[in-house]
Amino acid sequence: MMGEEKQDVLLRDYYVGVDLGGTKMLAALIAEDGSIIAKEEIPTLAKQGAEAVLDRLGSLIEDLLAAAPGGRGVVRGIGVATAGTLDTAKGVVTLASNLGWRDVAVASVLSDRFACAVRLENDATAAAVGEWLAGAGEGSPDCIFVTISTGIGGGIISGGRLIAGVNHNAGELGHISIDGNGMLCPCGNVGCLELYASGTAIGRRGAEHVRRAAE
């Protein structure tokens, strides 16, 4: 009987949720009932390149699995939330200016390493759904979520449905142009909101003001 119980623990199913940002990445090991077993955050170090970042992310997930109570268990699925323009059907980051990535096949890299399904989603969209289901927007048929961090993102719920758009990139509020004669954004647009009001932009502009004041 005890042997059977031990086997059940060792074969426990887990899921992994990942928040992959330009500054840091967070991974959480999640049980089937949705409870968080363990989580850990490490710097992204995006300048090292996509291959190095994904390798470190893989190691982070393996560390969480190794520390799981009762043994490694089995990963049944991984969800990765990140900023940028994504091809969610193929699991590819098409363009992420905060990471400096173009056409990075995140889902295939992780699915090959962990032999499980991997879902890639825009981080702000994922956060919007989370707030709608179990947070500030719970019970409401309509809500808009805005995140201001390394970049600016957003997600839109209308009539009880996520507005994804034809390419699943609706709600990218940070790449709305607010200045037709403004700076060129890495996305190819001009005068994007993200260039002026994101955490990165505010820090940059603050540093410029300090430098000018010291001259």
**Study point:** Selection status of Ala214, at negative phi and open to solvent by less than 80 Å² (accessible area, probe 1.4 Å)
**Key:** no
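Find the residue count for region 200-211, including only residues that are loosely packed, with under 15 Cβ neighbours inside 10 Å and either within 19 Å of Thr147 (Cα to Cα) or within 22 Å of the chain's Cα centre (by Cα) (or both). Break it down into steps so the answer makes sense when it comes.
The first filter runs over region 200-211 and keeps only residues loosely packed, with under 15 Cβ neighbours inside 10 Å, leaving 202-211.
Imposing the further condition that a residue be either within 19 Å of Thr147 (Cα to Cα) or within 22 Å of the chain's Cα centre (by Cα) (or both) reduces the set to 202-204.
Matching residues across region 200-211 total 3.
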Check your understanding: Somewhere in region 125-142, is a residue under 21 Å from Gly49 (Cβ atoms) and within 15 Å of the chain's Cα centre (by Cα)?
Key -> no
Review point. Is region 148-164 home to any residue that is more than 19 Å from Ala83 (Cα to Cα), assigned to a loop (DSSP other than H, G, I, E, B), of a type in the set (Val, Ile, Thr) and without any contact (Cβ under 8 Å) to a residue 60 or more places away in the chain?
Key: no
Review point. If you scan region 176-187, which residues turn out to be open to solvent by 50 Å² or more (accessible area, probe 1.4 Å) and free of Cβ contacts under 8 Å to residues at least 60 places away in the same chain?
Key: Ile176, Ser177, Ile178, Asp179, Gly180, Asn181, Met183, Leu184
Practice item. Can you tell me which residue among Ala89, Ala31, Ala27, Ala68 is on the phi < 0 side of the Ramachandran plot and surrounded by 21 or more Cβ atoms within 10 Å (Cβ to Cβ)? Key: Ala27
Revision key, fill the gap. Out of (1) modelled with pLDDT of 90 or more; (2) surrounded by 10 or more Cβ atoms within 10 Å (Cβ to Cβ); (3) under 25 Å from Ala126 (Cβ atoms); (4) not charged (D, E, K, R), the one Gly159 does not meet is (2)
Check your understanding: Glu131 is checked against (1) farther than 24 Å from Val92 by Cβ; (2) in a strand (DSSP E or B) and fails just one. What number does that condition carry?
Key -> (2)
Review point. Out of region 96-116, which residues are touching a strand residue (DSSP E or B) at 6+ places or on another chain (Cβ under 8 Å) and crowded, with 19+ Cβ neighbours inside 10 Å?
Key: Ala96, Leu99, Trp101, Val104, Val106, Ala107, Leu110, Phe114
Check your understanding: What are the residue pairs meeting all of these: first residue in region 123-146, first residue over 14 Å from Asn169 (Cα atoms) and open to solvent by 60 Å² or more (accessible area, probe 1.4 Å), second residue assigned to a strand (DSSP E or B) and of a type in the set (Lys, Arg), Cβ atoms under 9 Å, and 6 or more apart or on different chains?
Key -> Pro141/Arg161
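The values are calculated or read from the model by the stated rules, or taken from the named source; none is laboratory data. Keep in mind that what you see is a predicted model, and the values were worked out from it rather than measured. A quick note on method: Cβ atoms are made from the backbone with ideal geometry, for glycine too, and the neighbour counts reach across all protein chains shown. Accessible surface areas use protein heavy atoms only, side chains included; no ligands, DNA or RNA. Shrake-Rupley method; radii C 1.70, N 1.55, O 1.52, S 1.80 Å.
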